[in-house]
Amino acid sequence: MKITPFFPVAPGATTQRTRRTSSTGGANFSEFLSGAEDATETGEARPAAPVSSLAGILSVQEVSDEEVKRQKAYKQASLTLDTLEELRNALLLGGVPMHVLTRLSQRIAEQKLEVNDPHLLAVMKDIELRAAVELAKLERMAGK
């Protein structure tokens, strides 16, 4: 970006004022105000109506049971996805930590009880089975 040089105004320099005519054909502002004096007055402002009941306000703020269940399921799903991501990163580094598989199995077992979708339930069962197999392998290797 190019910055143009700044030339300060010399002291003592004067500007010339030009007089403009108004666009209303010479009418000035006071003529417009003269009609406002004849206007009728408005009434006083009234206070707001009181709230009918506290129950009405609280019902608006109430959260339904479905919303609470949905938020809980979302949180659990996020934790499960985080655990799966941790497992993936461990696999990429060449190891399978036992504590990650155990945590994954526990989370899947908890969530499986609340799932209504048969496709999601099938995926969760597959994940749980795979985690159980890998845990058995790790336990067998640790026992030798």
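Side notes on the structure shown:
- Residues located in region 109-127, provided they are in contact (Cβ under 8 Å) with a residue 24 or more places away in the chain and surrounded by 13 or more Cβ atoms within 10 Å (Cβ to Cβ): Gln111, Ile127
- Region 67-89, subset surrounded by 15 or more Cβ atoms within 10 Å (Cβ to Cβ) and either among the hydroxyl-bearing types (Ser, Thr, Tyr) or without any contact (Cβ under 8 Å) to a residue 12 or more places away in the chain (or both), residue farthest from Glu134 (Cα to Cα): Thr80
- Considered as a group, the residues in region 92-108 that are aliphatic (A, V, I, L, M) and under 11 Å from Thr80 (Cβ atoms) include one that is surrounded by the most Cβ atoms within 10 Å (Cβ to Cβ), and that residue is Ile108.
- Residue in region 25-42 that is modelled with pLDDT of 65 or more, assigned to a helix (DSSP H, G or I), under 30 Å from the mean Cα position of the chain (by Cα) and farther than 30 Å from Glu134 by Cβ present: no
The values are calculated or read from the model by the stated rules, or taken from the named source; none is laboratory data. Bear in mind the structure is a predicted one, so any value in this text is a computation, not a measurement. Cβ atoms come from the backbone with ideal geometry, glycine included; neighbour counts cover every protein chain shown.
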